[in-house]
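Worksheet: the structure to be examined is printed underneath.
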Amino acid sequence: MTDFNSDMASKKSSLLVADARTQKRNKAEARFRAYGLAAVGVGLLFLVILLTTIISNGSSAFKQTFVTVEVFLDPAKIDKKGNRNIEDLKKATTFTYKPLIQQGLLDQVNAAGYNHPFEKHKAMGQLLSASAAGQVRQFVLDNPDRLGETVEFRLIAASRVDGYLKGRVTRESVARDKNISAEHFDLVDQMQADGLVEKVFNMAFITGADASEARPEQAGFGVSMAGSFFMMLVVLGVSLPIGVAASIYLEEFAPQNWFTDLIEVNISNLAAVPSIVFGILGLAVFIQFAHLPQSAPLVGGLVLSLMTLPTIIISTRAALKSVPPSIRDAALGIGASKMQSVFHHVLPLAMPGILTGTIIGLAQALGETAPLLLIGMVGFIATNMPDTLAEGILSPNSAMPAQIYEWAKRADPAWYERAWGGIIILLVFLITMNTLAVILRRRFERRW
């Protein structure tokens, strides 16, 4: 007995000194924490690289080069009848205004004494966007009394001039370009020094509409933003009531049997279905069968509603499950019906989780592109903002991710720049929606 106690005492260690096993466990925990910190660091590094790439490539889209030109509005060419009648002025097309603009710019650079080899006014047209003539024409239609005057305009520069000032186009790259030459860039440098050519913030990129493939400098993102907005209205109006109603029934009223189990399995499976499958379904059902207007936000919203429903149902059911059963029992104990306990007590307490899931579902739908490709929302260019709610939902339009896809596949590098700018705007919307979801959850969340 004495020998046993002495052996046990020799094996005892101090509580202040870790034994070999404890030291090994502590080292394993330290390694695990290091692995976790390394994983977080790598994730943050890739996030920084992604955001830096997007901002560096897309920030230039928010600036546009403009050229200040003094144009003589020659009534002999614009208003040949001399009566300043609006209907007669409308007969003068942009081809009438284009030479006036080019001649005005040539006279202006000659008067300033700039060194250039151009003798004909047509060479000046390569410095300006094709939309310049339309801008001057619209000014004359709005102000017919200004005919016969020399008016100063700030016109959009051509995409290659804009690219030159942004470093996207070089003299070497235009050596074989028929649209512009290095001599034009020499003239641009002289005009920029005098303030006749300048880069300014391009608000039209945020509020404007898409343009033809030949005029990237005029393209804007505003109309596609409106298309996404009307689509989200449709998604919210369809998926939220249906998703919440289905969740309440499955969680609170449906009996637990093989049929409801089958429904739950299918809902989980639908959440993992690729979005392009929903696009094919929308093309077959809403366009080919129901004959709804193609490329309309209504169809896009219905397709995205199908895709968003599983997300809303799953998040809503999780929010309903988080409400303690004692809330239901207390309501039933004081005489409330099952429906009253659900709608008066359970649903208000679950509402923060429901709103969070709904906003996350809308953010997911906002960034989807594949379903919109199949219903034709990249084949239509909307040139004007919708005037009414019905027009916004039923008229053909594009959406932000579809517009980005359309710009990215075009040949001119100026479109590539605008695609990056569109990604910045889309990310701002997504970050805002996810931030709103976090704020709502923390603001109304209750801990039991």
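Structural remarks
- Highest average packing first - 215-222, 340-347, 44-51, 111-118, Cβ atoms within 10 Å: 215-222, 340-347, 111-118, 44-51
- The angle separating the long axis of helix 132-142 from the principal Cα axis of greatest extent in the chain is about 80 degrees.
- A viscosity of 0.692 mPa s and a temperature of 37 °C, combined with the Kirkwood radius over C-alpha pairs in the Stokes-Einstein formula, give the stretch 62-129 a diffusion coefficient of 243 µm²/s.
- Close amide H partners of K63, meaning residues 5 or more places away or on another chain with modelled amide H under 5 Å apart, are N202.
- Burial ranking of peptide ranges 305-312, 30-37 (average Cβ count within 10 Å, highest at the top): 305-312, 30-37
- Coordinate range along principal axes, alpha carbons of the chain, Å, largest first: 121, 65, 37
- Inter-label distance, V265 to A318: 2.3 nm, where each label sits 7 Å from its Cα along the C-beta direction.
- Rounded to the nearest Hz, the phi-derived 3J(HN,Hα) couplings of the stretch 100-117 under the Karplus curve 6.51 cos²θ - 1.76 cosθ + 1.60 (θ = phi - 60°) are 5, 5, 5, 5, x, 5, 5, 4, 5, 6, 5, 5, 7, x, 6, 8, 7, x, where x marks glycine and proline.
- In terms of overall dimensions, the stretch 338-448 has a Cα radius of gyration and Dmax of 19.1, 63 angstrom.
- Simple spin-label estimate for I86 and V428 gives 3.5 nm between the two label positions (7 Å along the Cα-to-Cβ direction from each Cα).
- Among Q138, Q108, Q23: highest mean-square fluctuation, GNM of the chain, C-alpha pairs under 10 Å: Q23
- The fraction of accessible area contributed by carbon and sulfur in the chain is 61 percent, rounded to a whole number (1.4 Å probe; ligands and nucleic acids excluded).
- Seen against the Cα atoms of the chain and their longest principal axis, helix 258-270 is set at about 40 degrees.
- With bins 10 Å wide beginning at 0, the percent of Cα pairs of the stretch 186-266 falling in each bin runs 14, 20, 19, 13, 13, 10, 6, 4, 0.
- For F62, net neighbour charge (Lys/Arg +1, Asp/Glu -1) across residues whose Cβ lies under 14 Å away: +1
- F72 sits among other residues whose Cβ lies under 13 Å from its own Cβ, and their net charge, with Lys and Arg +1 and Asp and Glu -1, is -3.
- The chain, relative contact order [Cα under 8 Å, separation at least 6], %: 18 percent
- Karplus 3J(HN,Hα) series, Hz, for the stretch 55-69 with 6.51 cos²θ - 1.76 cosθ + 1.60 (x for Gly, Pro): 5, 5, 7, x, 5, 5, 5, 8, 10, 9, 8, 10, 10, 8, 10
- Taking 4 °C and 1.567 mPa s as conditions, the stretch 222-444 diffuses translationally at an estimated 69 µm²/s according to Stokes-Einstein applied to its Kirkwood radius (Cα pairs).
- Rolling a 1.4 Å probe across the protein heavy atoms gives the chain an accessible surface of 55 Å² per residue.
- Angle between the chain longest axis and helix 182-193 axis [Cα atoms, degrees, rounded to 10]: 80 degrees
The values are calculated or read from the model by the stated rules, or taken from the named source; none is laboratory data. Owing to the predicted nature of the structure, the values given are computational and were not obtained by experimental measurement. Every residue, glycine among them, receives a Cβ derived from its backbone with ideal geometry; neighbour counts consider all protein chains shown. SASA here: full protein model, heavy atoms, side chains in, ligands and nucleic acids out. Shrake-Rupley method; radii C 1.70, N 1.55, O 1.52, S 1.80 Å.
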